[in-house]
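Trainee: My questions will all concern the structure given below.
The values are calculated or read from the model by the stated rules, or taken from the named source; none is laboratory data. Values in this document were obtained by computation on a predicted structure and should not be read as measured data. Heads up, the Cβs are rebuilt from the backbone with ideal geometry, glycines too, and the neighbour counts pull from every protein chain shown. For the accessible areas, the whole protein counts, side chains as well, though only heavy atoms, and no ligand, DNA or RNA atoms are used. Shrake-Rupley method; radii C 1.70, N 1.55, O 1.52, S 1.80 Å.
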Amino acid sequence: MPTKKSGNEESESKKIIDIEPQKKYDEDQFLTTNHGLRINDNQHSLKTGERGGTLIEDFILREKIHHFDHERIPERIVHARGSAAHGYFELFKPIGQYTKARLFNEKAVRTPVFVRFSTVAGSRGSTDLARDVRGFAVKFYTSEGNYDLVGNNIPVFFIQDAIKFPDLIHAVKPEPHNEIPQAASAHDTFWDFISLMPESMHMIMWVMSDRAIPRSLRMMEGFGVHTFRLINDAGESHFVKFHWKPVLGVHSVAWDEAQKISGKNSDFHRQDLWEAIESGAFPEWELGVQIVPEADEHKFDFDLLDATKIIPEELVPVQIIGKMTLNKNPDNFFAETEQVAFNPGHLIPGIDITNDPLLQGRLFSYSDTQLSRLGSHNFQELPINRPVAPVHNNQRDGHMRHTINTGRVSYEPNSLGGGCPFQAKAKEGGFTSFPELIESNKIRSRSKSFLDHFSQARLFFNSQSDAEKNHLIDALCFELGKVETPAIRKRMVHLLSYVEMSLAAPVAVYLGIDILPVPEGYLNRSFGADANPEDFQPLPVKSSVEISDALSMANTIKNSILTRRIAFLFADGVDQNSVDSVKSILEAQGAVVDFVAPRLSPVSSDSGVEYIPNKSFLTTASVLYDAVYIPGGLNSVATLAAEPDAIHFLNEAFKHCKAIAADGAAVQVLQETYFAKKLPKTSGKEEAMEKGIIIGDDPGQLANLFTKAIANHRFWDREKPEKVPA
Ligand code: HDE
């Protein structure tokens with residue numbers, strides 16, 4: 001619909017009329033100090049005369065500045081940059097046969113959740129589009145206490161034992177002498193470490209794939225990573241892996257695009273999440289579980305306790321049991337997103353941990369890190385961390401205590417407090433750890449069942465589409481190309497050759513390295529000083545599953561354009577019908593349309609109706625959109641054809657394999673692009689669809705074909721053969 005005024009302008013002027021009188025007369029709105037004193041001058045400090053020095057007695061100034069000086073808390077050592085939202089979880093399919101957790105038994109209950117997504121390596125102010133793992137941490141506020149599923153968007157991890165975590169993070173973070181590079185793994189220390197840790201090879205495949213540069217936080221999977229236990233009423237245990245499957249499918253951007261987005265809008269993911277929720281397009285994920293009976297623990301060719309392994313879905317299918325919806329943005333970033341404190345040890349009855357040595361180390365780390373970050377063990381009392389289940393215990397005092405505990409009893413057992421609070425029996429909801437039988441020596445070692453480091457890396461690589469394989473190879477060329485130490489590059493290429501020659505060879509050619517056999521005893525440093533290195537050589541295992549469709553994003557859901565951003569490029573004289581009809585069809589399916597013009601001043605259409613551009617070529621960029629449309633209109637088309645910024649916009653969209661549509665009357669603009677010679681001769685044909693370029697004279701038909709092309713996400717197949725400069 002054409003508008004005379006943008007939506008923003010209207011609500012802006014309305015706000016002033018509505019809120020101003022209320023502010024003036026509402027007594028609660030007076031500015032006060034933190035002890036409640038009303039302030040009558042927030043413009044001047046107290047001075048010895050108009051031009052005199054400031055008096056130390058100005059307690060109002062002192063309080064304000066002191067509070068300000070202490071506004072920052074230490075950022076998280078990892079996962080510092082995050083974006084979060086509130087929502088709820090609904091169960092479709094109770095799984096009482098496996099777990100007594102009410103969360104997974106009560107269909108009628110909507111369990112509130114708070115979810116924080118994050119990058120790992122970058123600081124709080126770093127870019128969203130770094131090549132990195134994404135944190136996917138969910139806090140369920142259940143009636144039995146908070147349950148935290150603190151996962152990632154990648155189902156495996158770099159290391160097998162928690163004792164290597166500080167080494168890994170020191171290696172990936174900016175190098176300590178010069179704090180370079182920020183939020184990037186493409187540097188010597190990271191690859192030095194990785195090249196000496198063959199166990200990381202499966203994770204490296206995921207991190208070098210497009211999974212590490214998601215299109216949106218709303219379009220990525222989540223995984224619990226470790227194998228956990230579910231315990232039912234009878235006390236029986238089943239192993240479980242948790243999966244979050246995004247309803248919009250799993251989609252990524254191109255690496256060149258990711259780097260450009262980092263410059264054009266480093267808050268790209270944060271803003272995307274925020275705007276989707278504000279617009280009512282609530283992000284959704286289905287929760288799936290892979291269940292393995294206790295008796296099948298040793299049935300697989302990998303160890304369930306090894307966090308560098310997945311359970312291929314071909315071996316154990318993912319059963320969908322519920323759905324999570326995020327429907328509310330935080331009110332305050334610091335109070336909620338920054339202060340939320342997750343902990344894999346926040347368990348509820350019916351869910352328990354396993355002996356995964358990576359998980360075991362995490363159990364200690366999270367509460368410890370909260371202490372240094374939030375300053376006190378009373379962080380559980382912060383509103384965002386408070387459980388909805390009542391808290392009764394004898395823990396007392398400490399910094400910043402909020403609770404006012406009454407009475408004289410803070411010990412148990414007691415008679416003076418009537419014995420309260422009582423311990424709960426298991427049937428009263430008390431937590432009992434799974435009584436796993438343990439018969440072993442105290443030992444620093446690793447199970448031989450952890451020594452296969454390559455079979456699942458190979459499974460991942462071989463399961464990718466050709467375009468995905470190319471991206472992975474390109475990512476390795478980029479990352480290792482940034483490494484300056486030749487020996488590190490060599491070691492990495494050797495390791496890659498253990499994964500798959502068709503992966504290692506192009507990387508070796510790019511780097512100009514020969515693939516040589518790896519010296520004996522070198523491949524695994526995960527042995528102690530007194531151990532025999534021979535005992536720790538990687539096992540040459542072949543995965544029983546050779547291709548897994550679930551591992552390729554080419555097989556993801558591609559049936560929706562909900563929340564996809566489409567740029568309409570136009571100028572004065574644009575054909576109104578060509579704009580309105582395509583826009584209404586796209587918007588009816590939930591897409592978001594931005595008008596992009598050479599200037600921000602109103603654009604008059606051929607019918608005289610004015611459009612207010614949301615963006616100009618100066619304030620936005622092709623990389624911030626999923627698709628581009630050029631409506632007709634003689635003058636508009638002529639202006640754009642002569643506008644280098646518009647042509648660059650289109651060339652970039654083509655380079656990043658996006659859908660591009662043009663009214664039949666706008667072909668002149670396309671003809672100015674680098675990809676002009678690849679344009680289909682006829683409109684609306686299969687051939688056009690295959691390339692993702694749609695040209696048509698009938699706006700309705702064009703919009704429908706365009707919709708299919710946008711839902712397809714990207715036309716990766718045209719990337720290499722039809723590469724254009726942009
Ligand atoms: Fe974490 N991790 N981690 N981690 N992790 C933290 O806790 C740690 C690991 C994950 O949005 C820290 O509160 C160790 C695996 C997420 O607030 C810290 C080890 C997985 C988040 C910590 C791991 C994760 C964290 C830093 C190896 C996927 C962000 C701030 C044993 C299953 C949560 C904090 C949020 C955060 C330690 C490995 C996920 C330092 C020691 C594996 C999503 O405690």
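Trainee: Taking the stretch 336-387, which residues are polar (S, T, N, Q), near the ligand (Cβ under 10 Å from one of its atoms) and part of a helix (DSSP H, G or I)?
Mentor: Quick first cut of the stretch 336-387, residues polar (S, T, N, Q) only: 337, 339, 343, 354-355, 360, 365, 367, 369-370, 372, 376, 378, 380, 385.
Narrowing the set further to residues that are near the ligand (Cβ under 10 Å from one of its atoms) leaves 337, 339, 343, 360, 365, 367, 369-370, 372.
337, 360, 365, 367, 369, 370, 372, listed by residue number.
Trainee: Next question, about the same structure. Is it true that residue 218 is in contact (Cβ under 8 Å) with a residue 12 or more places away in the chain, away from the ligand (no atom under 13 Å from the Cβ) and either open to solvent by 10 Å² or more (accessible area, probe 1.4 Å) or within 22 Å of the chain's Cα centre (by Cα) (or both)?
Mentor: So residue 218 passes the test.
Trainee: Sticking with this structure for a sec: Checking residue 553 against (1) of a type in the set (A, V, I, L, M, F, W, C); (2) modelled with pLDDT under 95; (3) within 30 Å of residue 318 (Cβ to Cβ): exactly one of these is not met. Which one?
Mentor: Tallying (1) of a type in the set (A, V, I, L, M, F, W, C); (2) modelled with pLDDT under 95; (3) within 30 Å of residue 318 (Cβ to Cβ), residue 553 fails exactly one: (2).
Trainee: Has the stretch 185-204 got at least one residue that is closer than 29 Å to residue 237 by Cα, away from the ligand (no atom under 13 Å from the Cβ), under 22 Å from the mean Cα position of the chain (by Cα) and surrounded by fewer than 20 Cβ atoms within 10 Å (Cβ to Cβ)?
Mentor: no
Trainee: If you check 410, 415, 365, which single one turns out to be more than 32 Å from the chain's Cα centre (by Cα) and surrounded by 12 or more Cβ atoms within 10 Å (Cβ to Cβ)?
Mentor: Among 410, 415, 365, only 410 is more than 32 Å from the chain's Cα centre (by Cα) and surrounded by 12 or more Cβ atoms within 10 Å (Cβ to Cβ).
Trainee: Of the residues 474, 466, which single one is within 18 Å of residue 211 (Cβ to Cβ), within 29 Å of the chain's Cα centre (by Cα), surrounded by 15 or more Cβ atoms within 10 Å (Cβ to Cβ) and among the acidic types (Asp, Glu)?
Mentor: On the way: 466 fails: surrounded by 15 or more Cβ atoms within 10 Å (Cβ to Cβ).
Matching residue, one of 474, 466: 474.
Trainee: On to the next question. Give the number of residues within the stretch 618-669 that are part of a loop (DSSP other than H, G, I, E, B), within 20 Å of residue 590 (Cα to Cα) and without any contact (Cβ under 8 Å) to a residue 60 or more places away in the chain.
Mentor: Total meeting the criteria: 1.
Trainee: Ok, one more. Considering only the stretch 448-476, state which residues are in contact with a helix residue (DSSP H, G or I) (Cβ under 9 Å, 6 or more places away or on another chain), under 24 Å from residue 239 (Cβ atoms) and assigned to a loop (DSSP other than H, G, I, E, B).
Mentor: Residues satisfying the conditions are 451, 453, 454, 463.
Trainee: Somewhere in the stretch 424-445, is a residue open to solvent by less than 40 Å² (accessible area, probe 1.4 Å) and over 30 Å from the mean Cα position of the chain (by Cα)?
Mentor: yes
Trainee: Another one. Among the candidates 410, 440, 415, which residue alone is under 30 Å from residue 535 (Cβ atoms), in a loop (DSSP other than H, G, I, E, B) and among the small types (Gly, Ala, Ser)? Please lay out each step first, then the result.
Mentor: Numbers: 410 fails: under 30 Å from residue 535 (Cβ atoms); 415 fails: under 30 Å from residue 535 (Cβ atoms).
Result: 440 is the single residue among 410, 440, 415 that is under 30 Å from residue 535 (Cβ atoms), in a loop (DSSP other than H, G, I, E, B) and among the small types (Gly, Ala, Ser).
Trainee: All but one of (1) over 27 Å from residue 448 (Cβ atoms); (2) open to solvent by 60 Å² or more (accessible area, probe 1.4 Å); (3) in contact with a Ser or Thr (Cβ under 6 Å, 6 or more places away or on another chain) hold for residue 294, so report the exception by its number.
Mentor: All conditions pass for residue 294, except number (1).
Trainee: Turning to a different aspect of this structure: Restricting the stretch 652-704 to residues that are modelled with pLDDT under 95 and of a type in the set (Lys, Arg), which is nearest to residue 259 (Cα to Cα)?
Mentor: The qualifying residue nearest to residue 259 (Cα to Cα) is 691.
Trainee: Return the pair list, or none, for Cβ contacts closer than 6 Å from residues in the stretch 180-196 that are touching a residue at least 40 places away in the same chain (Cβ under 8 Å) to residues that are of a type in the set (Asp, Glu) and open to solvent by 30 Å² or more (accessible area, probe 1.4 Å), at least 6 apart or on different chains.
Mentor: These pairs meet every condition: 188/484.
Trainee: Given the criteria within 21 Å of the chain's Cα centre (by Cα), among the β-branched types (Val, Ile, Thr) and in a loop (DSSP other than H, G, I, E, B), does residue 316 qualify? Walk me through it before giving the result.
Mentor: Numbers: within 21 Å of the chain's Cα centre (by Cα): no; among the β-branched types (Val, Ile, Thr): yes; in a loop (DSSP other than H, G, I, E, B): yes.
Considered against the rule, which asks whether it is within 21 Å of the chain's Cα centre (by Cα), among the β-branched types (Val, Ile, Thr) and in a loop (DSSP other than H, G, I, E, B), residue 316 comes out as no.
Trainee: Which condition number in (1) in contact with a helix residue (DSSP H, G or I) (Cβ under 9 Å, 6 or more places away or on another chain); (2) buried (at least 20 other Cβ atoms within 10 Å of the Cβ) is the one that residue 395 fails?
Mentor: For residue 395, the exception is condition (2).
Trainee: Let me ask something else about it. Confirm whether residue 103 is more than 17 Å from residue 222 (Cα to Cα), among the hydrophobic types (A, V, I, L, M, F, W, C) and in contact with a strand residue (DSSP E or B) (Cβ under 7 Å, 6 or more places away or on another chain).
Mentor: Yes, satisfied.
Trainee: Return the residue satisfying two criteria in turn: it lies in the stretch 388-399 and is in contact with a Pro (Cβ under 9 Å, 6 or more places away or on another chain) and more than 19 Å from residue 432 (Cα to Cα), and of such residues it is nearest to the ligand (Cβ to nearest atom).
Mentor: Restricting attention to the stretch 388-399, the residues satisfying the condition of being in contact with a Pro (Cβ under 9 Å, 6 or more places away or on another chain) are 388, 392-394.
In the following step, the residues that additionally are more than 19 Å from residue 432 (Cα to Cα) were identified as 388, 394.
Working: 388: 19, 394: 26 Å.
The qualifying residue nearest to the ligand (Cβ to nearest atom) is 388.
Trainee: Looking at 590, 573 in this structure, which one is on the phi > 0 side of the Ramachandran plot, open to solvent by less than 40 Å² (accessible area, probe 1.4 Å), touching a residue at least 12 places away in the same chain (Cβ under 8 Å) and within 29 Å of the chain's Cα centre (by Cα)? Lay out the reasoning, then the answer.
Mentor: Numbers: 573 fails: within 29 Å of the chain's Cα centre (by Cα).
It is 590.
Trainee: Still on this structure, I have one more. Given the conditions (1) in a loop (DSSP other than H, G, I, E, B); (2) within 16 Å of the ligand (Cβ to nearest atom); (3) open to solvent by 10 Å² or more (accessible area, probe 1.4 Å), and given that residue 302 satisfies all but one, which numbered condition is not satisfied?
Mentor: So the condition that residue 302 fails would be (2).
Trainee: Across the stretch 247-276, what is the number of residues that are within 30 Å of residue 319 (Cβ to Cβ) and open to solvent by less than 10 Å² (accessible area, probe 1.4 Å)?
Mentor: 6
Trainee: Ok, one more. Which of (1) modelled with pLDDT of 95 or more; (2) not in a loop (DSSP other than H, G, I, E, B) is the odd one out, the single condition residue 534 does not satisfy?
Mentor: Only one criterion is unmet by residue 534, namely (1).
Trainee: Now for a separate question. State all residues of the stretch 324-335 that are assigned to a loop (DSSP other than H, G, I, E, B) and either surrounded by 18 or more Cβ atoms within 10 Å (Cβ to Cβ) or within 14 Å of the ligand (Cβ to nearest atom) (or both); if no residue qualifies, say none.
Mentor: So the first thing to find is which residues in the stretch 324-335 are assigned to a loop (DSSP other than H, G, I, E, B), and the list is 329-332.
329, 330 - these are the residues of the stretch 324-335 that are assigned to a loop (DSSP other than H, G, I, E, B) and either surrounded by 18 or more Cβ atoms within 10 Å (Cβ to Cβ) or within 14 Å of the ligand (Cβ to nearest atom) (or both).
Trainee: Follow-up. Mind checking which residues of the stretch 165-220 are part of a loop (DSSP other than H, G, I, E, B) and of a type in the set (D, E, K, R)?
Mentor: The answer is 173, 179, 215.
Trainee: Step by step: first the residues of the stretch 482-515, then only those that are touching a Phe, Trp or Tyr at 6+ places or on another chain (Cβ under 7 Å) and over 25 Å from residue 555 (Cα atoms), then the one that is most open to solvent (accessible area, probe 1.4 Å). Which residue is that?
Mentor: Step one: filter the stretch 482-515 for residues touching a Phe, Trp or Tyr at 6+ places or on another chain (Cβ under 7 Å), giving 483, 488, 492, 498-500, 503.
From what's left, over 25 Å from residue 555 (Cα atoms): 483, 488, 492, 498.
Working: 483: 1, 488: 10, 492: 0, 498: 84 Å².
Ranking the candidates gives 498 first.
Trainee: Same structure again: Would you check which residues across the stretch 221-240 are assigned to a strand (DSSP E or B), out of contact with any Pro (no Cβ under 6 Å at 6 or more places or on another chain) and within 11 Å of the ligand (Cβ to nearest atom) and list them?
Mentor: The answer is 222, 228.
Trainee: I'm checking my understanding of the structure. Among residues of the stretch 526-557 that are of a type in the set (S, T, N, Q) and open to solvent by 40 Å² or more (accessible area, probe 1.4 Å), which one is farthest from residue 290 (Cα to Cα)?
Mentor: It comes out as 532.
Trainee: Residue 159 - would you say it is within 16 Å of the ligand (Cβ to nearest atom), in a loop (DSSP other than H, G, I, E, B), more than 15 Å from residue 242 (Cβ to Cβ) and open to solvent by less than 10 Å² (accessible area, probe 1.4 Å)?
Mentor: Here the answer is yes, as residue 159 does meet what is asked.
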